[in-house]
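Here's the structure, in structure tokens; my notes come after.
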């Protein structure tokens, strides 16, 4: 296993995973990932799109350094500053919203934190405990926490999953604003094409397990100027292409 | 209100029983309370209470800190658990008296030997409770802390300790009562002062009044600690739970 994590320059993320396998409880080994190789430039937003269970989360875990049992190398732009939003919010139930964010970002300026809470509509909930929050709110706190550390790399694992449409729409807009206003290299994992097309600069389509990258689609129009028709058109185009793979 | 009735009932039964048994075998509540007052006036009561309480707190603190450290290690590191488990079983089943007597033989009739003997008696219970807590630690929060590079000290204080709190409270609750009972035996066997020593003296004189006076005084002290110290700490540690819907 040549699991190497090194720090790249200029906020560049370079992922070269040649192979990753899991051992099941029965002792049987099965392949999850094969030849996942891609690059993200500084402050670029990439989206990994693939069917459920294809190993998308595993890719994020490998990049985050949580899973080191793989073959390949990761060159990440993190100089210790990695922000991650897990699929579940993973907040400390015994700390308030404020304290949850401050735990990972103790040196954040009060104005910064206030503006972050304002964009995410969390001002009224600063002193609440996670058990008092809805799923959508908790998700937003997790996002605030990841951004509070002013990350060089932001990893988002299905940030909108299990939210109702209206809520997902709002968080999507907030997310777009947030990544638009900060130079953060972002990698997003989702099974929802719509979401990927709205947020990403570059989409990587994954096959079913063992996951491989079947296509890399750069989106030419800048995120902020993409119209509804354009988004629908791109989504339709990609859906046609992937129907054969999924 | 119910508590008050319950307490009155207890005093009534005590008083009735004392009428039947006679003041030699079981002195009534008034006589015992008077004895407490007399001991308090001479200052002797507070000295003995203080000495015993100091030993209780010292042994309790040592047992809780060492027990938490060992329990965490055994709950988190498999090899430590496998090495430590037989020791733990031996320690759990070793009678308090054996540990105390050996401590006094090996360490002399000293304060340190006495306090350590009590701490060693309490230690395995704490280890068992904390080990259970350490096994139940949430790995998803672990990973969160790793990704965000939360420093070790903060990780322990904000992530690990709150998860161990229910186990520590349980260990502490049972620990306080266990420790003070064992401290009394230590004092009876090898210390020249403290409630245990006084009860030993009273036993030789067959002075039941004095035995009850000292026991009652110390139970009251423990009750005060429980309501004035343990319960507020517990309320603070679990404040986040109460507001849950």
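Can you name the residue in region A:8-45 that is closer than 17 Å to residue A:75 by Cβ and loosely packed, with under 13 Cβ neighbours inside 10 Å and is also modelled with the lowest pLDDT among such residues?
Restricting to residues being closer than 17 Å to residue A:75 by Cβ and loosely packed, with under 13 Cβ neighbours inside 10 Å, the top hit is A:9.
Filter region A:81-110 down to residues that are facing chain B (nearest Cβ under 9 Å) and in a strand (DSSP E or B) and give me whichever is surrounded by the fewest Cβ atoms within 10 Å (Cβ to Cβ).
Residue satisfying both the conditions and the ranking: A:82.
Do we find that residue A:194 is in contact with a helix residue (DSSP H, G or I) (Cβ under 9 Å, 6 or more places away or on another chain), surrounded by fewer than 18 Cβ atoms within 10 Å (Cβ to Cβ) and assigned to a helix (DSSP H, G or I) in this structure?
Values: in contact with a helix residue (DSSP H, G or I) (Cβ under 9 Å, 6 or more places away or on another chain): yes; surrounded by fewer than 18 Cβ atoms within 10 Å (Cβ to Cβ): yes; assigned to a helix (DSSP H, G or I): yes.
So residue A:194 fits the description; yes.
Given (1) at pLDDT 90 or above; (2) closer than 30 Å to residue B:223 by Cα; (3) more than 10 Å from chain A (Cβ to nearest Cβ); (4) surrounded by fewer than 21 Cβ atoms within 10 Å (Cβ to Cβ), identify the lone condition not met by residue B:124.
(4)
Filter region A:145-172 for residues that are part of a strand (DSSP E or B) and within 12 Å of chain B (Cβ to nearest Cβ) and give the result. Break it down into steps so the answer makes sense when it comes.
Of the residues in region A:145-172, the ones part of a strand (DSSP E or B) are A:153-157.
Those that are part of a strand (DSSP E or B) and within 12 Å of chain B (Cβ to nearest Cβ): A:153, A:154, A:155, A:157.
Do we find that residue B:225 is more than 14 Å from chain A (Cβ to nearest Cβ) and crowded, with 19+ Cβ neighbours inside 10 Å in this structure? If you could, list the steps in order and put the result at the bottom.
Numbers: more than 14 Å from chain A (Cβ to nearest Cβ): yes; crowded, with 19+ Cβ neighbours inside 10 Å: no.
No.
Return the residues of region B:143-156 that are surrounded by 18 or more Cβ atoms within 10 Å (Cβ to Cβ) and more than 7 Å from chain A (Cβ to nearest Cβ); say none if nothing qualifies.
B:145, B:155
Of the numbered conditions (1) facing chain A (nearest Cβ under 10 Å); (2) in contact with a helix residue (DSSP H, G or I) (Cβ under 8 Å, 6 or more places away or on another chain), residue B:140 satisfies every one except a single condition; which is it?
(2)
Would region A:42-62 turn up any residue that is within 11 Å of chain B (Cβ to nearest Cβ) and under 18 Å from residue A:200 (Cα atoms)?
Restricting attention to region A:42-62, the residues satisfying the condition of being within 11 Å of chain B (Cβ to nearest Cβ) are A:60-61.
Next, from what is left, pick out any that are under 18 Å from residue A:200 (Cα atoms): A:60.
Checked against the condition, which is being within 11 Å of chain B (Cβ to nearest Cβ) and under 18 Å from residue A:200 (Cα atoms), region A:42-62 yields at least one hit.
Here is a list: B:234, B:226. Which entry is more than 26 Å from residue B:111 (Cα to Cα), at pLDDT below 90 and in a helix (DSSP H, G or I)? Quick ask: steps written out before the conclusion?
Details: B:226 fails: more than 26 Å from residue B:111 (Cα to Cα).
Selected residue: B:234, the only one of B:234, B:226 that is more than 26 Å from residue B:111 (Cα to Cα), at pLDDT below 90 and in a helix (DSSP H, G or I).
If residue B:159 passes every condition in (1) in contact with a helix residue (DSSP H, G or I) (Cβ under 6 Å, 6 or more places away or on another chain); (2) more than 14 Å from every other protein chain (Cβ to nearest Cβ); (3) modelled with pLDDT of 90 or more but one, which one does it miss?
Status for residue B:159: all satisfied but (2).
Would you tally the residues in region A:115-141 being away from chain B (no Cβ under 13 Å) and out of contact with any helix residue (DSSP H, G or I) (no Cβ under 8 Å at 6 or more places or on another chain)?
Total satisfying the criteria: 4.
Scan region A:51-80 for residues that are over 20 Å from residue A:154 (Cα atoms) and surrounded by fewer than 21 Cβ atoms within 10 Å (Cβ to Cβ) and report the count.
If we filter region A:51-80 for residues that are over 20 Å from residue A:154 (Cα atoms), which is where we start, we get A:51-54, A:69-72.
From what is left, the residues that are surrounded by fewer than 21 Cβ atoms within 10 Å (Cβ to Cβ) are A:51-53, A:69, A:71-72.
Matching residues across region A:51-80 total 6.
Does residue A:176 qualify as being more than 14 Å from chain B (Cβ to nearest Cβ), surrounded by fewer than 19 Cβ atoms within 10 Å (Cβ to Cβ), in a helix (DSSP H, G or I) and on the phi < 0 side of the Ramachandran plot? Steps first, answer last, please.
Values: more than 14 Å from chain B (Cβ to nearest Cβ): yes; surrounded by fewer than 19 Cβ atoms within 10 Å (Cβ to Cβ): yes; in a helix (DSSP H, G or I): yes; on the phi < 0 side of the Ramachandran plot: yes.
In short, yes.
Just to be sure I understand, how many residues within region B:198-245 are under 22 Å from residue B:178 (Cα atoms), in contact with a helix residue (DSSP H, G or I) (Cβ under 6 Å, 6 or more places away or on another chain) and free of Cβ contacts under 8 Å to residues at least 60 places away in the same chain?
Summing the residues that are under 22 Å from residue B:178 (Cα atoms), in contact with a helix residue (DSSP H, G or I) (Cβ under 6 Å, 6 or more places away or on another chain) and free of Cβ contacts under 8 Å to residues at least 60 places away in the same chain in region B:198-245 gives 3.
Please give the helices (runs of 4 or more DSSP H) falling wholly within region B:114-219 in which 1 or more residues are under 30 Å from residue A:86 (Cα atoms). Lay out the reasoning, then the answer.
On the way: elements: B:139-147, B:161-190, B:195-204.
In region B:114-219, the matching helices (runs of 4 or more DSSP H) lie at B:139-147, B:161-190.
The values are calculated or read from the model by the stated rules, or taken from the named source; none is laboratory data. Everything quoted here is computed from the prediction, not taken from an experiment. Please note: Cβ atoms are built from the backbone with ideal geometry, for glycine as well, and neighbour counts cover all protein chains shown.
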